[in-house]
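S.K.: Let me begin by handing over the structure; questions about it come next.
The values are calculated or read from the model by the stated rules, or taken from the named source; none is laboratory data. None of these values were measured; they are calculated from a predicted model. Heads up, the Cβs are rebuilt from the backbone with ideal geometry, glycines too, and the neighbour counts pull from every protein chain shown. Heads up: the accessible areas ignore ligands, DNA and RNA and are worked out on the full protein's heavy atoms, side chains in. Shrake-Rupley method; radii C 1.70, N 1.55, O 1.52, S 1.80 Å.
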Amino acid sequence: MIAAVQSRPIVPFLLVLLPAAFLLFFFVIPTAFLLSASFIESDGVIMTGVWTTQNYADLLSRPLYRQAILRTFLIGIAVGVIVIVLSYPLAYFLVRTTSPWRGFLIALSLSPLLASVIVRTYGWWVILNREGAVNTALLSIGIIDQPLTLLPSSMAITIGLSHALLPYGVLTIMASLNGLNPNIERAAMSLGAGRIRTFLTVTLPLTWPGIVGGFLLAFAIAISAYATPAILGGPGTQVMATLIRNFMVQALDWALGSAMGAILLVSSIALLLITSALGGRRVG
Amino acid sequence: MADPALRLQALVKRFGAHAAVDGVDLAVALGEFVTLLGPSGCGKTTTLNLIAGFLAPDSGFIALNGRLVQDLPPFKRDLGMVFQDYALFPHMSVADNVAFGLKMRGVSREETATRVAEALSLVKLDGFDARRPNQLSGGQRQRVALARALVIRPAMLLLDEPLSNLDLKLREEMRGEISALQRRLGIATVFVTHDQDEALTMSDRIAVMSEGRIEQIGTPAEIYERPATRFVASFIGSINIVPAKVAEVPVNGFARLETPAGPAIAHVGSASSGRSVMLTIRPERLKLAEAGGAPAGAVAWSARVVRVVYTGARLEVQLRLADGSEAVAEATNDGRTSLGEGQGIVAWFRPEDAWIIAGA
Ligand SMILES: Nc1ncnc2c1ncn2[C@@H]1O[C@H](COP(=O)(O)OP(=O)(O)O)[C@@H](O)[C@H]1O
Ligand SMILES: [Mg+2]
């Protein structure tokens, strides 16, 4: 009896232990290492062991790095906004349609998740490059007489990321629309609210958590994305992720790489906290 | 004559091949309380949604105060609707919920405040203005939904099973309150329920629905005592149904019948023709007596007591008739009845208490 009582907590403890150990070894320790490395003076890949804040001062004092940080966040915000604006109507349609094709249309909307990020991104490269589909089309209609330089650019990165992250927006907004009782919208209409007013006063505020969630997800993935900026961007459109790689692998300056990584981590956590605090409060 | 508040004519709504509403005709007079009564899935909510404009009919007409509205969107129909799940706006206070319809109509701030206070006091929710719907009990939510629908002074009130989510005691209390409120405001109302007691106690008239059609429309007494079909007879209250053959051409509204339980005379009822019919008799109209104790002119059948169920004020006596079929008689518990199981007895009724419906 006593043995049974004593042994009972062991199973849940073991169940928690495994994921906890996983998190500890693959997230907490590397993060701690990254944070501490960012405060240590280094000579290339050799840590000298002297504590310093010089790494941050270096990063923030050089326009190239400052611009990369700013660009990263602007791209993140733009991608978040585009994803929400495009996925809301799509999600609304998918949730409310009675079409027999509904399941197929949902699968189609989520299909970007199935293609590898490299394939998807090269797809955009094919469309946007100097001899690509957009330029060919515009030239043949005669709107332009010189091909446009669409690549590499922040815009191309934003387009590529928005496309890749659209399913996340669709999924989170569909989830919040599914949780919305359609009778609530009907009630608003029966009380005299037209379709737009019903949307603004009832649907939008009640699905706001889904909007914030979709935005955060898209934003968080966009600012840490590496492959898409690497393919659709160039030397003039570095983002934090591509810079970190350069520091770590090309310049072999681990201290600066760690500091940049720390800035990415801390500022995105801060932004997530601020936004979710805003999202938690109901609008209305 | 004034146009009725609502007129439905040959209304049809299909979902795929299935007609959820299959040719409904209904008129609701000004100030009248009409109940759509029927089992779950018979098309009551669909009918209400057609009236409110949330669904478009496949064919037929809907007129509100003489004006055809089937092409108007819901926000132009001027109807107050109470949903089964109340559908309150969870992100708004009680006062904002009630004020919503007035805001949409551009009513001034002062008038809105006055009318919201009036409406909340009408449903006995004074002082609940600042609460959120999730801070209210089921009964209070129901009252907010009612206040929100009434405050816009709609042409008509639509209620979709508003009491079905409340517990029994509250349900009976709200029945009385909704009826009283409806009478006081004199607002034409369509009330939907699957609960026969609600329908019988609250309505001016009841429309009994089955499989997308209205089986019968009438006052509660007509529906209960003069059922038009077997469905209506057995859906409302309990009833004894005995197959019968018409033995003679009916005279003076009464027909002589042959039944397996014995010969009978009964009201011709709703059976317009045919030899095979159903004799129906309510348990409370089926009386019990000692052998030879039935009054003159009554139809008397010999029977045997199977079981006596004690329900307090009443005794439900289960009987076996001469042909072996079962019947139920309900007697008031006067404290002097002694019935033993297996006891032979006479079950009798007056011809005017038995009602004939078409046979099936
Ligand atoms: N949107 C819909 N799509 C398909 N079938 C529906 C829809 N709404 C209702 N039905 C069907 O129509 C019939 C009537 O439904 P309803 O009007 O909700 O019944 P009630 O309110 O009387 O319970 C049911 O068989 C139901 O399954
Ligand atoms: Mg219903």
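S.K.: Amide H of B:Glu215: which non-local residues (sequence gap of 5 or more, or other chain) have their own amide H closer than 5 Å, using H built in the peptide plane?
M.R.: B:Val208, B:Met209, B:Ser210
S.K.: What does the net charge come to around B:Leu88 if you take all other residues with beta carbon closer than 12 Å to its beta carbon, with K and R at +1 and D and E at -1?
M.R.: Neighbourhood net charge equals +3.
S.K.: Next question. Under a 5 Å amide H to amide H cut-off, with H placed in plane at 1.01 Å, what residues pair with B:Asn240 once short-range neighbours are removed?
M.R.: Those lying under 5 Å, H to H, from B:Asn240 are B:Ile281, B:Arg282.
S.K.: Further, regarding this structure: Determine the relative contact order of chain B: mean sequence separation of Cα pairs under 8 Å and six or more apart, normalised by residue count, in whole percent.
M.R.: Rounded, it is 16 percent for chain B.
S.K.: Still on this structure, please answer the following. Let me have the 222 nm mean residue ellipticity of chain A computed from DSSP H runs of 4+ only, each contributing -39500 (n - 2.57), with the sum over all residues rounded to the nearest 500.
M.R.: After summing the helix terms and dividing by residue count, I get -22000 deg cm²/dmol.
S.K.: Please give me the summed charge of the neighbours of B:Gly127: other residues whose Cβ is under 15 Å from its Cβ, Lys and Arg +1, Asp and Glu -1.
M.R.: Surrounding charge for B:Gly127 is +1.
S.K.: Could you work out the relative contact order of chain A? I mean the mean sequence separation of Cα pairs under 8 Å and 6+ apart, divided by the number of residues, in percent.
M.R.: After rounding, I find 28 percent.
S.K.: So what's the angle, to the nearest 10 degrees on a 0 to 90 scale, between helix B:138-150 and the longest Cα principal axis of chain B?
M.R.: 70
S.K.: What is the magnitude of the charge dipole of the range A:50-172 about its Cα centre, with +1 placed on the Cβ of each Lys and Arg, -1 on the Cβ of each Asp and Glu, and no other charges, expressed in debye to the nearest 20?
M.R.: 240
S.K.: Right, something else. Using a 1.4 Å probe, what is the accessible area per residue for the range B:238-358, in Å²?
M.R.: Computed with neighbouring chains in place, this is 52 Å² per residue.
S.K.: Amide H to amide H, which residues 5 or more places from B:Leu55 or on other chains are under 5 Å from it, using H placed in the peptide plane?
M.R.: The answer is B:Leu50.
S.K.: In whole Hz, with x marking every Gly and Pro, tabulate ³J(HN,Hα) for the range A:223-231 from phi via Karplus 6.51 cos²θ - 1.76 cosθ + 1.60, θ = phi - 60°.
M.R.: So the J values, rounded to whole Hz, are 6, 9, 5, 10, 4, 4, x, 5, 8.
S.K.: Could you derive backbone 3J(HN,Hα) for the range A:243-255 from the dihedral phi with the Karplus parameters 6.51, -1.76 and 1.60 (θ = phi - 60°), listing whole Hz in sequence and x where the residue is Gly or Pro?
M.R.: 3J(HN,Hα) across the range A:243-255, in whole Hz: 5, 4, 4, 4, 4, 6, 9, 9, 6, 6, 10, 5, 5.
S.K.: Another question, if that's okay. Name the residue from B:Gly312, B:His91, B:Ala291 whose Cα lies farthest towards the positive end of the charge dipole of chain B, charges +1 on Cβ of Lys and Arg and -1 on Cβ of Asp and Glu.
M.R.: Final value for the positive-end residue is B:His91.
S.K.: Okay, next question. Averaged over B:78-91, how many beta carbons belonging to a partner chain fall within 10 Å of each residue's beta carbon?
M.R.: Counting other chains' Cβ atoms within 10 Å and averaging over B:78-91 gives 5.
S.K.: In addition: On the protein heavy atoms, probe 1.4 angstrom, tell me the percent of accessible surface of the range B:6-232 carried by carbon and sulfur.
M.R.: That share works out to 48 percent.
S.K.: Here's another thing I want to ask about it. For the protein assembly as shown, what is the convex hull volume of the alpha-carbon atoms per residue, in Å³?
M.R.: It is 300 Å³ per residue.
S.K.: Using the Cα centre of chain B as origin and beta-carbon charges of +1 (Lys, Arg) and -1 (Asp, Glu), tell me which of B:Leu8, B:Leu136, B:Gly101 is placed farthest towards the positive end of the dipole.
M.R.: Going by the Cα projections, it comes out as B:Gly101.
S.K.: Also: Evaluate the charge dipole of the range A:135-284 about its Cα centre and quote only its size in Debye, nearest 20, assuming +1 on the Cβ of each Lys and Arg and -1 on the Cβ of each Asp and Glu.
M.R.: With Lys and Arg at +1 and Asp and Glu at -1, about 560 debye.
S.K.: While we're here: Quick one: dipole size for the range B:238-358, taken about the Cα centre, charges +1 on Lys/Arg Cβ and -1 on Asp/Glu Cβ, in debye to the nearest 20.
M.R.: Roughly 80 debye, rounded to the nearest 20.
S.K.: In whole angstrom, how far apart do the alpha carbon centroids of the range B:323-360 and the range B:145-207 sit?
M.R.: Spelled out, the Cα-based centre of one part sits 35 Å from the other.
S.K.: Report, in whole Å, the centroid distance computed from the Cα atoms of the range A:46-110 and the range A:221-284.
M.R.: With the range A:46-110 and the range A:221-284 each reduced to a Cα centre, they are spaced 9 Å.
S.K.: Restricting the count to DSSP beta bridges whose residues both fall in the range B:6-232, what percent are antiparallel, rounded to a multiple of 5?
M.R.: Among the beta bridges of the range B:6-232, antiparallel pairing accounts for roughly 55 percent.
S.K.: Now, a different point. I need to check one value: relative contact order of the range A:67-189, counting alpha carbon pairs closer than 8 Å and at least 6 residues apart, in percent.
M.R.: Worked out over the range A:67-189, it gives 41 percent.
S.K.: Using a Gaussian network model of chain B whose springs link C-alpha atoms within less than 10 Å, name the residue from B:Met156, B:Met104, B:Met81 with the highest mean-square fluctuation.
M.R.: Top of the fluctuation ranking is B:Met104.
S.K.: Go ahead and set up a Gaussian network model of chain A, Cα springs under 10 Å, then flag whichever of A:Ile40, A:Ile231, A:Ile269 fluctuates most.
M.R.: A:Ile269
S.K.: Show that you can apply the helix-only estimate: for chain B, add -39,500 (n - 2.57) for every DSSP H stretch of four or more residues, divide by all residues, and state [θ] at 222 nm to the nearest 500.
M.R.: Using -39500 (n - 2.57) per qualifying helix, the result is -7000 deg cm²/dmol.
S.K.: Now a separate question. Please return the longest range in chain A lying between exposed loop sites, taking chymotrypsin sites (Phe, Trp or Tyr not before Pro), DSSP loop only, at most 16 other beta-carbon atoms within 10 Å, and leaving the sites out.
M.R.: The segment A:102-225 is the longest one with no such site.
S.K.: Got a sec to turn the phi values of the range A:131-137 into Karplus ³J(HN,Hα) couplings, 6.51 cos²θ - 1.76 cosθ + 1.60 with θ = phi - 60°, whole Hz, x for Gly and Pro?
M.R.: In residue order, the calculated couplings are 9, x, 4, 5, 4, 4, 5 Hz.
S.K.: How far is helix B:168-185 tilted, in degrees, relative to the longest principal axis of the Cα atoms in chain B, given as a value from 0 to 90 rounded to the nearest 10?
M.R.: 70
S.K.: Further question on the same structure: Considering every residue in A:173-186, what mean count of other chain Cβ atoms within 10 Å of its Cβ is obtained?
M.R.: 3
S.K.: Of A:Val28, A:Tyr65, A:Asn183, which is farthest towards the positive pole of chain A's charge dipole, taken about the Cα centre with +1 and -1 on the beta-carbons of Lys, Arg and Asp, Glu respectively?
M.R.: Ranked along the dipole, the leading option is A:Asn183.
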